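**Student:** My questions all concern the structure below.
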Amino acid sequence: MRWSQAFIPTLRDDPAGAEAISHKLLVRGGFIRQLMSGSYSLLPAGYRVRSKIRRIIEEEINAIGGQEFLMPVLHPGEIWQRSGRWEIDELFRLQDRRGVDHVLGLTHEEVFALIATELRSYKQLPQLWYHFQTKLRDEARPKSGLLRVREFVMKDSYSLDIDAAGQAKQFDAHHAAYTKIFDRMGLDTVAVEASSGAMGGTDSMEFMVASPAGEDFVAYSAECGYSANVERARSRIPDVANGDPLDAVEKFPTPGVRTIEALAGFDGGASAENQIKTLVYIADGEPVLALMRGDHPLQEQKLIDHLLASEIRPAHDDEIVELLGAHAGSLGAVGVETVKVIADPQLKGRVAMTTGANEDDFHYRGVDIDRDIAVSEWVDLREVSAGEGCPNCDGTLDVYKAIEVGHIFKLGTKYSEAFGANVLDENGKAQPIIMGSYGIGLGRAVAAVAEVYNDDKGLVWPVAVAPWEVVVTLVKTDEATLAAGERIYSELQAAGIDVLLDDRNERPGVKFNDAELVGFPFRVTLGPRGLADGVAEFVARADGDSFEIALDSVVGHVKGLVEAAR
RNA sequence: CGGGACGUGGCGCAGCUUGGUAGCGCGCAUCGUUCGGGACGAUGAGGUCGCCGGUUCAAAUCCGGCCGUCCCGACCA
């Protein structure tokens with residue numbers, strides 16, 4: 001391709017309102033343009049990057065036995081009702097001219113499970129099916145350019161097995177393949193324990209790339225390598241000494257006290273670690289009380305995961321009053337028997353605690369959890385913080401921001417049961433197929449690479465995903481330079497290198513700056529000065545070091561570097 | 001969904017408080033001089049000032065409604 005005819009609309013200014021580096025640079029470099037909120041057009045350079053990422057994924061999934069499909073994006077609403085996912089807020093629903101419900105797929109478990117009903121025998125398993133297809137999600141808040149969008153292409157694969165051992169094998173194969181895929185893209189990922197959310201299933205792991213533009217928080221221990229999304233992370237914290245127990249709870253007035261801090265500062269109150277925080281949630285329409293130590297934050301996802309709820313929310317004030325008889329700020333679980341009470345294990349064995357009395361402006365002191373509160377379930381609900389102890393070693397946890405670039409799930413039989421995807425086992429008995437699902441969003445992967453590989457001049461693509469591997473920059477477009485450029489350009493092409501010839505009639509500074517903004521890994525510069533001596537200039541974008549190289553050696557040198565880095 | 005901000009040539013912005021001629025930088029076109037790190041001069045093209053309504057002799061500017069976009073939070077398979 002010659003730059004004079006290529007559509008690479010570079011911009012001097014950052015797009016208005018953009019914050020994320022990848023967003024700014026992908027727009028400025030002429031890779032993407034926004035169509036509407038959460039929807040981007042890929043321009044030729046952007047599409048080239050995405051295609052290279054797609055190719056890497058395809059190779060690695062084929063290598064573990066994947067068979068490529070292509071499923072529709074428009075689905076009958078009925079299958080989403082059958083799987084129980086019809087109510088998901090992010091689901092785009094629409095009706096055809098007859099008024100029949102349809103949905104735009106936000107993943108493809110339903111459709112693949114439906115095809116899997118054609119499997120008859122355990123002898124046909126295992127299967128590994130995948131496709132690259134557009135997903136549509138009505139996101140509450142699209143943001144950061146390509147990082148969080150409403151329409152994107154995802155590689156999603158689905159494993160089908162007769163038993164848990166088979167599934168574990170395919171799960172591990174994906175784990176290894178994903179590690180390779182991200183490594184080839186130049187991304188340094190950590191696989192972390194994750195919540196499976198409304199996807200269902202038992203186990204899931206997310207592949208995380210550390211980045212300030214990320215939306216997830218990962219807790220990790222440098223000493224043992226423990227890594228978990230804070231939605232799931234556990235930690236070790238010191239025990240708190242109990243105060244002196246009382247024979248019975250004692251109600252006392254606390255006028256105007258509505259918060260943990262206020263009660264801690266109240267004469268006759270209690271420090272935060274000696275308080276029980278009572279949170280009221282509505283989970284799929286049912287109220288539930290979550291009890292935490294006063295100074296501990298609740299991690300909502302842990303509550304969702306435990307309840308297997310598809311939707312939870314804090315209760316509204318009127319619901320709280322109706323349920324407990326008091327407003328938030330005076331709530332407690334003492335004597336509560338009609339509502340499910342879930343307590344964080346940090347409260348286990350605690351006595352002499354203070355909590356709300358379910359009467360405005362009154363609290364109880366001397367609460368003994370085991371004696372006074374009917375805890376239905378003890379569940380870890382606490383969100384960890386940096387500096388706490390690692391649950392697996394003597395080390396300390398750090399917490400960092402990360403981009404989720406891949407997610408792998410063990411789904412179990414949720415979808416196969418919903419669709420009757422069974423096979424006969426060796427005893428002739430029908431068994432539901434055990435499924436796994438595995439996803440990588442292509443656009444987010446492009447953005448993640450851009451987040452990691454950039455500097456103050458622009459993008460710095462790794463060779464394996466660069467839109468073009470080399471740019472041949474002509475400092476002048478006089479006849480001799482143009483001829484030399486054309487010659488090197490066609491030789492590079494013949495050598496199988498992705499090369500762009502910058503034959504634009506622009507000043508050198510403009511060309512150099514554009515080349516750096518777009519982020520070509522290598523640049524070969526030709527000008528009358530060097531040509532007189534039979535040399536070109538060679539520079540690698542990553543380190544910026546340049547040197548002169550004989551014209552005859554250019555192609556060999558570039559070829560060697562590119563092939564080593566692909 | 002809660003909070004905040006913004007919407008004016010292709011891009012980035014000023015103008016709005018105090019109503020009256022639509023402006024700047026970049027980009028674009030033509031010509032000339034230049035040209036190994038975002039050149040200079042001259043000429044020129046390009047704008048329903050997000051939309052609808054109201055106030056007014058007169059609205060980019062004041063008022064109301066709506067739409068759109070971004071940021072923070074909530075949420076997020």
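**Student:** Would you mind stating whether A:L501 is within 12 Å of RNA strand B (Cβ to nearest atom), closer than 23 Å to A:P9 by Cα and open to solvent by less than 20 Å² (accessible area, probe 1.4 Å)?
**Tutor:** Taking the combined requirement at face value, the residue does not satisfy it.
**Student:** Continuing with this model, one more query. Do we have any residue at all in the stretch A:83-96 that's aromatic (F, W, Y) and free of Cβ contacts under 8 Å to residues at least 40 places away in the same chain?
**Tutor:** Yes, the conditions are met somewhere in the stretch A:83-96.
**Student:** Sort out for me the strands (runs of 3 or more DSSP E) sitting completely within the stretch A:272-356 that have 1 or more residues that are within 22 Å of A:R258 (Cβ to Cβ) and of a type in the set (S, T, Y).
**Tutor:** A:276-283, A:353-356
**Student:** Given the condition of a type in the set (V, I, T), closer than 23 Å to A:L128 by Cα and in contact (Cβ under 8 Å) with a residue 12 or more places away in the chain, answer yes or no: does some residue in the stretch A:436-449 qualify?
**Tutor:** Scanning the stretch A:436-449 turns up at least one residue that is of a type in the set (V, I, T), closer than 23 Å to A:L128 by Cα and in contact (Cβ under 8 Å) with a residue 12 or more places away in the chain.
**Student:** Test A:L331 against the criterion of being touching a residue at least 40 places away in the same chain (Cβ under 8 Å), over 20 Å from A:A272 (Cβ atoms) and over 35 Å from the mean Cα position of the chain (by Cα), and give yes or no.
**Tutor:** No: the conditions fail for A:L331.
**Student:** Moving to a separate point now. Quick check: anything in the stretch A:318-334 at positive phi, in contact with an Asp or Glu (Cβ under 9 Å, 6 or more places away or on another chain) and surrounded by 15 or more Cβ atoms within 10 Å (Cβ to Cβ)?
**Tutor:** Yes.
**Student:** Just checking, how many residues over the stretch A:1-37 are farther than 21 Å from A:D498 by Cβ, among the hydroxyl-bearing types (S, T, Y) and more than 25 Å from the chain's Cα centre (by Cα)?
**Tutor:** 0
**Student:** Would you check if A:V471 is touching a helix residue (DSSP H, G or I) at 6+ places or on another chain (Cβ under 6 Å), open to solvent by less than 10 Å² (accessible area, probe 1.4 Å), away from RNA strand B (no atom under 15 Å from the Cβ) and on the phi < 0 side of the Ramachandran plot?
**Tutor:** No; evaluated as a whole, the condition is false for this residue.
**Student:** Looking at this structure, is A:F217 buried (at least 22 other Cβ atoms within 10 Å of the Cβ), among the aromatic types (F, W, Y), within 17 Å of the chain's Cα centre (by Cα) and closer than 30 Å to A:E90 by Cβ?
**Tutor:** Taking the combined requirement at face value, the residue does not satisfy it.
Listed here are the residues, each with its yes/no results for (1) in contact (Cβ under 8 Å) with a residue 40 or more places away in the chain; (2) over 26 Å from A:E215 (Cα atoms); (3) aliphatic (A, V, I, L, M).
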{"position": "A:E311", "(1), (2), (3)": "yes, no, no"}
{"position": "A:E322", "(1), (2), (3)": "no, yes, no"}
{"position": "A:E337", "(1), (2), (3)": "no, yes, no"}
{"position": "A:K340", "(1), (2), (3)": "yes, yes, no"}
{"position": "A:M353", "(1), (2), (3)": "yes, yes, yes"}
{"position": "A:D368", "(1), (2), (3)": "yes, yes, no"}
{"position": "A:E388", "(1), (2), (3)": "yes, no, no"}
{"position": "A:L397", "(1), (2), (3)": "yes, no, yes"}
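**Student:** OK, next. From the list A:I64, A:I8, which one is in contact (Cβ under 8 Å) with a residue 12 or more places away in the chain, within 16 Å of RNA strand B (Cβ to nearest atom) and of a type outside the set (G, A, S)?
**Tutor:** Of A:I64, A:I8, the one residue that is in contact (Cβ under 8 Å) with a residue 12 or more places away in the chain, within 16 Å of RNA strand B (Cβ to nearest atom) and of a type outside the set (G, A, S) is A:I8.
**Student:** For the stretch A:336-357, which positions are open to solvent by 30 Å² or more (accessible area, probe 1.4 Å) and either over 35 Å from the mean Cα position of the chain (by Cα) or at positive phi (or both)?
**Tutor:** The answer is A:E337, A:T338, A:G349.
**Student:** While we're looking at this one, here's another question. Here is a list: A:A447, A:A418, A:A484. Which entry is touching a Ser or Thr at 6+ places or on another chain (Cβ under 7 Å), part of a helix (DSSP H, G or I) and within 13 Å of RNA strand B (Cβ to nearest atom)?
**Tutor:** Testing whether each residue is touching a Ser or Thr at 6+ places or on another chain (Cβ under 7 Å), part of a helix (DSSP H, G or I) and within 13 Å of RNA strand B (Cβ to nearest atom) leaves just A:A447.
**Student:** Further question on the same structure: Just to check your reading of the model, which residue among A:I88, A:I79 is away from RNA strand B (no atom under 12 Å from the Cβ) and either open to solvent by less than 50 Å² (accessible area, probe 1.4 Å) or aliphatic (A, V, I, L, M) (or both)?
**Tutor:** Answer to the check: A:I79.
So that you can scan it fast, the table gives a plain yes or no per residue for (1) surrounded by 15 or more Cβ atoms within 10 Å (Cβ to Cβ); (2) closer than 30 Å to A:P521 by Cβ:
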| position | (1), (2) |
| --- | --- |
| A:P9 | no, yes |
| A:H23 | yes, yes |
| A:L43 | yes, yes |
| A:R50 | yes, yes |
| A:E59 | no, yes |
| A:I64 | yes, yes |
| A:V73 | yes, no |
| A:V111 | yes, no |
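The values are calculated or read from the model by the stated rules, or taken from the named source; none is laboratory data. Since the structure is predicted, the reported quantities are computational estimates derived from the model, not experimental observations. Virtual Cβ from ideal backbone geometry, glycine too; neighbours counted across all protein chains shown. Surface accessibility is based on the protein's heavy atoms, side chains included, excluding ligands, DNA and RNA. Shrake-Rupley method; radii C 1.70, N 1.55, O 1.52, S 1.80 Å.
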